[in-house]
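Quick notes on the structure that follows.
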């Protein structure tokens, strides 16, 4: 069941002239010619009145760039530094929108996804995240994995938030205020891949509250599970989650998210109508 506040917000968006914060949707892509077209199509169909789309090509050598450039409504950026974090950072640095949304190149958000995310941010949260439904590895795998993310990840998120050491987050389904992103110094480009989302949640927790909505589903490919195997993929994700969220929190001093960030400052949770 949807959050009551979300229901009211969606109703108000339709019936009144509610302020719609500007949103930039950032998609990092490397050799994604198989998926990027469908992702762009899904994003452009979102039922939100004030957003733009930025796709950052991480120096692909297939047909990714050509596909992206077929869409005049999409801003194309080339980032030659290898690594998805460099691509995400290039995207967020290229925009001054009030809110930044991150999707992976194989993600398909429902039409109301962005509206629901903005509704959550209007409660004062600095970020909102949700689970994946893996659409291409059989219905049983998709249903079980979604069940785990909804039933197990939710209490884990509340515990991490209560301990003030992070939250549950997947980078392909995350929306954050630009103000909070600035406060933590942007994307941590020192992380190559695994642990990037956990580290991001950990840093955002230092400046505000994160919401994990188990019903904020984005459809995503299970290709990594197919390539590496289910057990190996899960073990990698869980190890880096434990390392970033727990071990580093309790046994290491907190490090800066980005060398360029300097010292962080605490910020007041984002007000309902001011995101920048």
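Miscellaneous remarks
- Residues satisfying the stated conditions in segment 62-85, i.e. more than 15 Å from the chain's Cα centre (by Cα), part of a helix (DSSP H, G or I) and surrounded by 14 or more Cβ atoms within 10 Å (Cβ to Cβ): 64, 65, 67, 68
- Per the conditions (1) in a helix (DSSP H, G or I); (2) at pLDDT below 90; (3) in contact with a strand residue (DSSP E or B) (Cβ under 9 Å, 6 or more places away or on another chain), the sole criterion not satisfied by residue 198 is (3).
- Selection status of residue 146, assigned to a helix (DSSP H, G or I), at negative phi and crowded, with 20+ Cβ neighbours inside 10 Å: no
- The number of residues in segment 99-115 that are in a helix (DSSP H, G or I) and farther than 30 Å from residue 83 by Cβ comes to 1.
- Residue in segment 136-155 that is in contact with a helix residue (DSSP H, G or I) (Cβ under 9 Å, 6 or more places away or on another chain), within 29 Å of residue 22 (Cα to Cα) and touching a residue at least 24 places away in the same chain (Cβ under 8 Å) present: no
- Among residues that are in contact (Cβ under 8 Å) with a residue 60 or more places away in the chain and touching a helix residue (DSSP H, G or I) at 6+ places or on another chain (Cβ under 7 Å), residue 106 is included.
- When residue 120 is tested against (1) touching a residue at least 12 places away in the same chain (Cβ under 8 Å); (2) surrounded by fewer than 17 Cβ atoms within 10 Å (Cβ to Cβ), just one condition goes unmet, and that condition is (2).
- Exactly one residue among 128, 174 is in contact with a strand residue (DSSP E or B) (Cβ under 7 Å, 6 or more places away or on another chain), assigned to a strand (DSSP E or B), over 20 Å from residue 191 (Cβ atoms) and touching a residue at least 12 places away in the same chain (Cβ under 8 Å), and that residue is 128.
- Residues that are modelled with pLDDT under 95, out of contact with any strand residue (DSSP E or B) (no Cβ under 8 Å at 6 or more places or on another chain), surrounded by 13 or more Cβ atoms within 10 Å (Cβ to Cβ) and not in a strand (DSSP E or B) do occur in segment 39-48, at least one of them.
- Only one of the numbered conditions (1) modelled with pLDDT of 65 or more; (2) farther than 30 Å from residue 79 by Cα is not met by residue 32, and that is (2).
- Being closer than 24 Å to residue 215 by Cα, under 15 Å from the mean Cα position of the chain (by Cα) and modelled with pLDDT of 95 or more is a property that holds for residue 99.
The values are calculated or read from the model by the stated rules, or taken from the named source; none is laboratory data. Small disclaimer: the values here were computed from a predicted structure and weren't measured. Cβ sites come from the backbone with ideal geometry, for glycine too, and all protein chains shown count toward neighbours.
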